[in-house]
Amino acid sequence: MKDWSTDAVKEWHADAPVPYCWTYDSVPGAGDWAGTSRCSCSLCVFAARTDVLLSIGRRPRLADLYAEVEQARGDSFRADWRITDLIRHAEQCGAPSPGVVCPDDGPEFTALEEQVRAALQRKPRKEPDLARRDRRVLCEGCAAPH
């Protein structure tokens, strides 16, 4: 399936006994394929910018935790994108409607936050700023740097 076109995958799923992941829709069960373009980690460094913006809306606490790591370590989400810039872009210029917002308010997320914050208290394993380029995310809608 990885070599199939998107249309071929949608056509297969129309009659398949296997449901596709809800993240492909604007909201679970919508059947509109208006969500993410690929199913991967919530905030995947390999995802398209639109998918990352959608994920920021769907998992705001996770995005904030990524931003906390960026601030503490001086590194960026990707060499060409800082999560803090993407969060600001989503707030100022709009982002795809998340449809679903995952509250991340359970014990699993609390445990993740505690693990991340404990790790941030330790010395970094590498020099900060190695992955960051001095580029800012440009808003396609208003062409302003964020």
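The values are calculated or read from the model by the stated rules, or taken from the named source; none is laboratory data. Keep in mind the model is a prediction, meaning the values are calculated, not measured. Glycine also receives a Cβ, built like all others from the backbone with ideal geometry; neighbour counts cover every protein chain displayed. Protein only, heavy atoms only, side chains kept; ligands, DNA and RNA dropped before computing areas. Shrake-Rupley method; radii C 1.70, N 1.55, O 1.52, S 1.80 Å.
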Leaving out ligands and nucleic acids, note down the accessible area per residue over region 1-65 with a 1.4 angstrom probe, in whole Å². 59
Largest-first ordering by accessible area, 1.4 Å probe, given options Ser5, Ser42, Ser76: Ser5, Ser42, Ser76
Hey, could you get me the Stokes-Einstein D for the chain, Kirkwood radius over alpha-carbon pairs, 20 °C and 1.002 mPa s, rounded to whole µm² s⁻¹? 126
With the full set of protein chains in place, find how many percent of the accessible area of region 20-132 is carbon and sulfur; take the probe as 1.4 Å. 54
With an 8 Å Cα cut-off and a minimum separation of 6 or more residues, compute the relative contact order for the chain in percent. 22
Within a Gaussian network of the chain (alpha carbon springs, distance under 10 Å), most fluctuating of Gln121, Gln71, Gln92: Gln121
Place a label point 7 angstrom from the Cα of Cys21 along the Cα-to-Cβ direction, then list the residues of region 44-63 whose backbone nitrogen is under 11 Å away. 44
Between His13 and Leu112, what FRET efficiency follows from the Cβ-Cβ distance if R0 is 30 Å, with the result rounded to 0.05? 0.45
Assuming R0 = 22 Å, can you tell me the calculated FRET efficiency for the pair Ala72 and Met1, based on Cβ-Cβ distance, to the nearest 0.05? 0.05
